[in-house]
Amino acid sequence: MTHDFVVVGAGVSGLTSALLLARNGYSVALVEKAGHTAPLLRGFSRRGVHFDTGFHYAGGMGNGEPLDVFFRYLGLSDRLSSFPFDASGFDTIRTAPDGFEFRFPSGYDRLLENLVEAFPAERSAVEAYLRGVRSAFDSIPYLSLDAPLDPNGALRRVFGPTLRETLDSLTGDEILKSVLSTHCLLYGVPPEEVSFQQHACIVGSYYLSARGIAGGGRSLATAFDARLDELGVEILRGCGVASLSVAPEGLLRGVRLDDGRELRCGGAVVTVHPRTMLDMAPGGSFRPAYKKRIMGLEDTVSAFMLYSVSDLPLPILSGRNLFVLPSADSVRGIGNRPLEESPLYLTAARGQADDVPRGFIGIFPALSETTRAWEDSVTGNRPESYRRFKEGITDRMEHLVKRYCPELGRATACADSSTPLTVRDFGNAPSGGLYGVKHKVGQYNPVPLTRVKGLYLAGQSVTSPGILGAILSGFMACGNILGHDRLIKGLLACR
Amino acid sequence: MTNQEIIERIDRSIAEEFEIDPEGMTPEKTLFQDLGLDSLDIVDLVIVLETAFRFKIREDEGIRKIRTLGDIHAFVLQKKNELESIPR
């Protein structure tokens with residue numbers, strides 16, 4: 001079988017890459033290890049409630065905003081129906097000890113207004129912070145269609161300053177710093193490690209607007225499937241990739257599947273974790289320096305998660321998320337804290353037939369080291385000691401949610417829970433990191449181009465995390481094949 | 001470490017990490033044309049030097065002017081001198 005391109009991995013970056021290449025005239029095969037595309041986007045159901053695992057809400061999906069324009073170019077818009085999260089406050093930040101609450105509204109102007117109202121003495125700090133976020137966000141190619149393609153642009157996100165350093169230089173108000181750092185939970189890197197540039201690249205989209213998709217991640221997965229079908233992309237489900245075939249002169253010539261079949265191709269976009277990609281590449285494909293760099297990359301935090309169903313509707317999570325901070329500095333070192341000192345992110349789980357919150361997902365960041373004792377076990381066959389450990393963690397999570405959010409606790413019951421090992425095994429994340437490799441100061445993540453001609457990398461680890469980051473990574477990778485100018489021109493026509 | 005030891009360390013690290021024959025590594029050799037590195041290797045070169053000598057290069061303007069192996073020698077020696085002249 002011969003294709004112009006093979007795309008490895010049918011997560012959001014792989015789906016995007018396959019659509020981009022097919023839309024621009026190439027024959028494409030998309031290879032996915034799981035039995036269906038976008039396994040993480042599809043989530044799972046318990047007791048009649050659907051729990052989204054890959055998509056909860058997105059920034060920048062309003063009319064003409066970056067994600068909306070991407071969806072239009074990819075041909076997904078007509079297949080999706082998005083709805084606004086509460087514009088007056090889509091994310092509530094609650095500090096547990098004193099009951100202080102701040103609500104993030106949609107739009108920079110309202111955000112400025114709300115922040116100044118909550119922190120009247122900090123107007124100049126807030127203005128400088130928001131100016132910085134906006135200017136950094138607007139400098140990212142593709143997110144801003146007017147931004148020049150600067151080959152050194154990505155390095156600014158490696159050099160720093162960190163978010164923490166930037167906030168320290170602006171204000172001494174620890175609560176304000178915590179509020180502005182809370183969204184670190186959306187990308188799994190603490191404020192003292194992430195660069196201000198990278199933080200802005202992510203939160204900048206939420207500051208524009210926050211929206212959900214009717215039907216959640218499943219609708220997005222279904223839309224991708226329908227469009228792939230329309231463009232004639234061949235999808236090979238249930239097919240793991242054993243190795244990449246590279247000719248002696250360093251040219252990619254195909255992809256060998258676990259079942260022994262070889263897909264010949266002119267090029268491949270590989271979207272798996274960078275360490276998994278190295279395992280697929282023949283020994284001499286990369287220099288020792290590159291291999292060491294990839295092997296040494298630090299992953300984003302993992303998490304313990306609680307999935308609960310409720311007898312009563314949960315208006316507090318209708319078009320809103322709730323973030324709980326047990327102390328002002330609890331976002332610092334996220335993951336590396338006991339549950340009782342860890343921040344908590346709560347988001348709605350919806351009924352099968354409608355978008356009414358009928359349960360919630362509680363996410364407590366944690367390091368994968370917490371489940372290291374059982375790392376050799378596999379899903380469905382974990383030892384008794386792991387089950388007891390997980391039960392203990394689940395009880396503590398339920399207790400904490402009840403303590404922090406009495407309005408959620410009354411009519412809810414735990415339907416399931418997960419640990420960093422679950423994230424590892426269901427998310428194909430070698431260390432259980434929620435968002436792939438960390439984007440942090442001093443860490444050089446791989447770029448889409450590689451030393452192997454015809455081999456391109458995409459995914460959260462390469463460009464940026466989340467739905468927007470994964471789609472952006474597809475554009476960044478395929479721009480090397482199709483021409484960035486061509487893609488940007490196409491996007492401009494959709495704006 | 002003497003200057004000669006530093007130069008030997010640089011050459012050894014680059015030879016190992018980029019699989020270059022140490023025999024051909026003379027100061028006048030250009031990185032791209034003679035030693036076969038390309039722009040994708042620059043990040044790894046920075047990391048190799050940072051790891052070998054435990055300093056941060058990152059935004060150092062001097063790195064952009066490097067063309068030959070001798071330029072790397074001079075860059076690292078200067079960087080070491082700068083760091084050693086800082087009073088502790």
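The values are calculated or read from the model by the stated rules, or taken from the named source; none is laboratory data. None of the values given here were measured: they were computed from a predicted structure. A quick note on method: Cβ atoms are made from the backbone with ideal geometry, for glycine too, and the neighbour counts reach across all protein chains shown. Surface areas here come from the heavy atoms of the whole protein model, side chains and all, with no ligands, DNA or RNA. Shrake-Rupley method; radii C 1.70, N 1.55, O 1.52, S 1.80 Å.
Starting from residues that are charged (D, E, K, R) and exposed (fewer than 12 other Cβ atoms within 10 Å of the Cβ), keep the ones in region A:373-402 and report whichever is nearest to A:L434 (Cα to Cα).
A:D376
Which one of B:Q78, B:Q4, B:Q33 is closer than 22 Å to A:L449 by Cβ, away from chain A (no Cβ under 11 Å) and open to solvent by 40 Å² or more (accessible area, probe 1.4 Å)? Before the answer, list the steps.
Numbers: B:Q78 fails: closer than 22 Å to A:L449 by Cβ; B:Q4 fails: closer than 22 Å to A:L449 by Cβ.
From the options B:Q78, B:Q4, B:Q33, the qualifying one is B:Q33.
For (1) of a type in the set (K, R); (2) more than 22 Å from A:I202 (Cα to Cα), each residue gets a yes or a no:
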| site | (1), (2) |
| --- | --- |
| A:V7 | no, yes |
| A:A22 | no, yes |
| A:V28 | no, yes |
| A:V49 | no, yes |
| A:T53 | no, no |
| A:Y73 | no, no |
| A:S88 | no, no |
| A:D91 | no, no |
| A:R103 | yes, no |
> Hey, among the residues in region B:8-29 that are open to solvent by less than 40 Å² (accessible area, probe 1.4 Å) and either away from chain A (no Cβ under 14 Å) or assigned to a helix (DSSP H, G or I) (or both), which one's modelled with the lowest pLDDT?
Replying inline: B:G24
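Quick one: which residue in A:R264, A:R320 is surrounded by 20 or more Cβ atoms within 10 Å (Cβ to Cβ), among the basic types (K, R), modelled with pLDDT of 95 or more and more than 22 Å from A:A470 (Cα to Cα)?
Values: A:R264 fails: surrounded by 20 or more Cβ atoms within 10 Å (Cβ to Cβ).
After ruling out the rest, the residue left standing is A:R320.
Quick grid of which residues meet (1) of a type outside the set (F, W, Y); (2) under 20 Å from A:A226 (Cα atoms):
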| site | (1), (2) |
| --- | --- |
| A:M61 | yes, no |
| A:L67 | yes, yes |
| A:L74 | yes, yes |
| A:D86 | yes, no |
| A:D91 | yes, no |
| A:F102 | no, no |
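If the requirement is being over 20 Å from the mean Cα position of the chain (by Cα), within 30 Å of A:V309 (Cα to Cα) and in contact (Cβ under 8 Å) with a residue 40 or more places away in the chain, which of these qualifies: A:R23, A:R47, A:R72? Working first, answer last.
Details: A:R23 fails: within 30 Å of A:V309 (Cα to Cα); A:R72 fails: within 30 Å of A:V309 (Cα to Cα).
Among A:R23, A:R47, A:R72, only A:R47 is over 20 Å from the mean Cα position of the chain (by Cα), within 30 Å of A:V309 (Cα to Cα) and in contact (Cβ under 8 Å) with a residue 40 or more places away in the chain.
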>> Return the pair list, or none, for Cβ contacts closer than 6 Å from residues in region B:43-68 that are more than 10 Å from chain A (Cβ to nearest Cβ) to residues that are assigned to a helix (DSSP H, G or I) and of a type in the set (S, T, N, Q), at least 6 apart or on different chains.
In response: B:A52/B:S13
> Do we have any residue at all in region A:245-254 that's charged (D, E, K, R) and either within 14 Å of chain B (Cβ to nearest Cβ) or without any contact (Cβ under 8 Å) to a residue 12 or more places away in the chain (or both)?
Replying inline: yes
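Just checking, does region A:88-104 include any residue being modelled with pLDDT of 95 or more, surrounded by fewer than 21 Cβ atoms within 10 Å (Cβ to Cβ) and under 22 Å from A:L257 (Cβ atoms)? Can you show your working first?
Taking region A:88-104 as the starting set, the residues that turn out to be modelled with pLDDT of 95 or more are A:89-94, A:101-104.
When the remaining residues are screened for being surrounded by fewer than 21 Cβ atoms within 10 Å (Cβ to Cβ), the result is A:89, A:92, A:94, A:101, A:103.
Subset that is under 22 Å from A:L257 (Cβ atoms): none.
The answer is no; no qualifying residue exists.
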> Can you tell me which residues in region A:279-292 are surrounded by fewer than 16 Cβ atoms within 10 Å (Cβ to Cβ) and away from chain B (no Cβ under 14 Å)?
Replying inline: A:D279, A:P282
>> Considering only residues that are modelled with pLDDT under 80 and polar (S, T, N, Q), which ones fall in region B:60-88?
In response: B:S85
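Of the residues that make up region A:112-130, is at least one basic (K, R) and surrounded by fewer than 16 Cβ atoms within 10 Å (Cβ to Cβ)? Talk me through it step by step, then tell me what you get.
Kept after step one, since they are basic (K, R), are these residues of region A:112-130: A:123.
Those still in the list that are surrounded by fewer than 16 Cβ atoms within 10 Å (Cβ to Cβ) too: A:123.
Yes, region A:112-130 contains a residue that is basic (K, R) and surrounded by fewer than 16 Cβ atoms within 10 Å (Cβ to Cβ).
Residue-by-condition table, conditions (1) within 14 Å of chain B (Cβ to nearest Cβ); (2) more than 27 Å from B:I57 (Cβ to Cβ); (3) modelled with pLDDT of 95 or more; (4) surrounded by fewer than 24 Cβ atoms within 10 Å (Cβ to Cβ):
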{"site": "A:S139", "(1), (2), (3), (4)": "no, no, no, yes"}
{"site": "A:F159", "(1), (2), (3), (4)": "yes, no, no, yes"}
{"site": "A:L170", "(1), (2), (3), (4)": "no, yes, yes, yes"}
{"site": "A:L176", "(1), (2), (3), (4)": "no, yes, yes, yes"}
{"site": "A:S181", "(1), (2), (3), (4)": "no, yes, yes, no"}
{"site": "A:Q198", "(1), (2), (3), (4)": "no, no, yes, no"}
{"site": "A:F224", "(1), (2), (3), (4)": "no, yes, yes, no"}
{"site": "A:I235", "(1), (2), (3), (4)": "no, yes, yes, yes"}
